[in-house]
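Peer 1: Can you keep this structure in mind? I'll have questions shortly.
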Amino acid sequence: MYRGSCDCKEVQFEIDTLARSNVKNADSETEGKLSIVIPKSQLLFNCAPSSIAILHEANGDSHCLCKICGSILYIQKGNREECTAEVDFEGHDVLSDTCSPTFL
């Protein structure tokens, strides 16, 4: 499971699954933060809708921000369905694993 949040932790989101091809940049020096590119529909937000603002730029990009601290949650380039977000790896969810264990 992968989770992200704003700086003040008012807005939190998670992503259940992530393909290896979605990882844009992995930075081991910042405690396992990953910069990922995913479909916006995969982001599951855990906050009041009034905590989020969308800033539209003249070039067509959209920035999703926390209204409290102003930190960027994700960036959507133009009209594409994909967005870029920073997340932390929170461990593997064994209950959602579709592989059955192999016993010897």
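The values are calculated or read from the model by the stated rules, or taken from the named source; none is laboratory data. On a predicted model such as this, the values are computed, not experimentally measured, just so you know. Cβ sites come from the backbone with ideal geometry, for glycine too, and all protein chains shown count toward neighbours.
Peer 1: Quick check on the stretch 12-28. Is at least one of its residues within 11 Å of the chain's Cα centre (by Cα) and at pLDDT 90 or above?
Peer 2: Yes, because at least one residue in the stretch 12-28 is within 11 Å of the chain's Cα centre (by Cα) and at pLDDT 90 or above.
Peer 1: Tell me yes or no: at least one residue of the stretch 40-50 is farther than 12 Å from residue 11 by Cβ, loosely packed, with under 13 Cβ neighbours inside 10 Å, free of Cβ contacts under 8 Å to residues at least 12 places away in the same chain and under 17 Å from the mean Cα position of the chain (by Cα).
Peer 2: no
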